[in-house]
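These notes concern the structure reproduced below.
Every number in this text was worked out from the coordinates using simple rules, so none of it is lab data. If you're wondering where the values come from, they're calculated on a predicted model, not measured in any experiment. In this analysis, Cβ positions are derived from the backbone assuming ideal geometry, glycine residues included, and neighbour counts consider all displayed protein chains.
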Amino acid sequence: MVIILLLGFTFTASVDRTTVGVGQTFLVTIEVTGENLSGVDEPNPASSDKVEIIGKSSSHSTQIQLINGKFTKSTTLRYDYTMVAREKGEVTIPPFTIEYEGKEYSTEPVKIKVTESKMQEPIVPEKKGGVRSPENQVFIECIVSNDVVYPGEGVLITFELYTRVNLGDVNLVSLPRYENVWVEEVFSPKRLNFRKTVRNSIAYSRALIKKDLIFPLKAGEVKIIPLEMNVVLARDIFSFFEETRRISSPEKKIKVRAFPESKPEHFIDAVGDFEIDAELDTSLVEASTPFPLRVKITGSGNLLLLSPPEIPETRRMSMFRPESEEKTRIEGGSIKGERIFTYLITPEDSGFLEIPAIKWAFFNPEKKGFVERSVGPFRIRVEPPRKDSEKVTIKREDIAYIMPVDESSVPLIPSFFFLYLLLPLFILGASGYYVWEKRKLLKDIDYARIKAIPAELQKGFRRLQKEVPGDKVELFYEELSRLLLKFLKLRYSLNTFSLRRDDLLKDLKKKNLSDESLSAIDSILKRSEEFRFASTVPTREEMGHDLELLKGLIRDLH
């Protein structure tokens, strides 16, 4: 391709074929395009003893466009030189020169291959004085930005239609297909826009068909199943019937290398070049009040595929799977921008809560190695809940199964005087039980967890009782699932807050829970996710039903 471009002025040189026989004719086309070509002379061909000019013709065309209310006029001058090759081998066609606005410009030399002489093929002229060559009249090109990548590394796939003949119609038969990749569509036109271009020194009209950005998901090989089209070659004065052809892009493959064996502990699936940052909105919160921790990842790579960084969980907090938002754009073979993960963290008691440093790693394809990053730790002060939040009316039946309460008062000291003599024995027995209980709590961790359940549940049910009448759906179901996970964590010694629902149910099944209990747990967690993150709104009756379901479940398992 040889193009001289200057302020809307183009100067191109092309040939109709790059392989000819000795003594055969071929066509060299020179095109000059610009807004004002009235003073431009004909290009001057340089002399050569290996090729000879035996004929010449010229034509011109004018194009007028209305852009933003302004008319623009462009003129194209076309010169066709019929040449013949005299020697076998690689022949160089010398540059053509032209003078424009007082300056001289020249094309670069064009190379062709000249083979042994054979019978002259007929040259069939096109409508505008051109030549129709039998080779490569219309085809689809598939351009791969990189054919050797790592998992998660972006590859830009571009499909272009090239034609040297007029097309009456173009119909898409099948789109390209990929296996084991994530696909982001970059460009898919509603109509084809053809532009003139020169490929391998041959002039074509080219249109962009489709552009995809793919991210291989695993090591191995990615096959690009071809894109197929039906094209109709338009009739001209030399043909009586239209010709329909099925064309397809070439099948190509992409090699996906495996990551180096020395993966960092905190690497998940990030591939590219990133930076990580995190921030808290406040340094002071109340116990049992959720607060957000935002982790922002910026850079370029597989941003839309990233799994959330793992936040180290401590004994004094609970946390749900984060929500995500992104501001991204596609540039070249990558996705650039930022991804923000928002974690809701609930401190379980007052004091100082320290969130350990967040450690994260990604693979950089350019450096062919892993990069580790760290942000934090974070320290936040947790105050006890305000008394106003504790002013909630609690029905006796709500926690009757947790802490039995009788409506009638029971005196600690009998009214009969002689029973006062037994008071020292009661005190001695109570002291002995207290010492025994204390030792058992210190020695038996499971027993200590179970004994801690009633106090935890009392706080949770108070909050739930307050949120049901107020129609606070998100807070209600967040507290409902948190209370269930907290109970299961204490009751069965499981790290419930960091497990996926399916994994949690598998671990609970190993604890010999009944199918009814497992189904109830699954139902509560599913509905909590549905009503917290979806647009549907439950009724008060549904909220009350879910609350009763949780009560019954805890009553059966406690």
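General remarks:
- Stretching the chain fully between Glu116 and Ser283 yields a gain of 51.6 nm (0.36 nm per residue, less the alpha carbon separation).
- Approximate spin-label separation Glu141-Glu261, in nm, with each point projected 7 Å along Cα-to-Cβ: 4.3 nm
- Förster-model FRET efficiency, 60 Å R0, Phe352 and Arg191, C-beta, rounded to 0.05: 0.40
- Rounded to whole Hz, the Karplus (6.51, -1.76, 1.60) HN-Hα couplings of region 140-145, x for glycine and proline: 10, 9, 10, 10, 10, 5
- For region 267-383, the alpha carbon positions stretch 50, 25, 19 Å along the principal axes, listed from largest to smallest.
- Exposure proxy shown here: for Leu505, Leu480, the number of other Cβ atoms within 10 Å sets the order, fewest to most, as Leu505, Leu480.
- Coupling constants for region 268-278 follow from the phi torsions by the Karplus curve (6.51 cos²θ - 1.76 cosθ + 1.60, θ = phi - 60°), and in residue order they are 10, 7, 7, 10, x, 9, 10, 10, 10, 9, 8 Hz; glycine and proline get x.
- Using a Förster distance of 22 Å, the FRET efficiency for His545-Leu518 (Cβ separation, nearest 0.05): 0.75
- Pairwise Lys count, region 138-256 - Cα closer than 22 Å, eight or more residues apart or different chains: 18
- Fully extending the segment from Ile53 to Asp503 would add 154.1 nm, taking 0.36 nm per residue of separation and subtracting the current Cα-Cα distance.
- Cβ-based charge dipole, region 262-374, positive-most Cα from Ser283, Asn364, Leu306: Asn364
- Full-stretch length increase - Lys218, Ser307 - with 0.36 nm per residue and alpha-carbon distance subtracted: 30.5 nm
- For the peptides 148-160, 182-194, residues were scored by their other Cβ atoms within 10 Å and the scores averaged per peptide; the highest-first order is 148-160, 182-194.
- Cβ-defined net charge surrounding Leu172, 13 Å radius [Lys, Arg +1; Asp, Glu -1]: +2
- Long pairs among Lys263/Lys327; Lys486/Lys551; Lys50/Lys88, criterion Cα-Cα beyond 18 Å: Lys263/Lys327
- Residues Arg315 and Asn171, FRET efficiency given R0 of 56 Å [Cβ-Cβ distance, rounded to 0.05]: 0.30
- Applying a DSSP loop filter and a limit of 10 other Cβ atoms within 10 Å to the trypsin sites (Lys or Arg not before Pro) in region 236-320 leaves Arg315.
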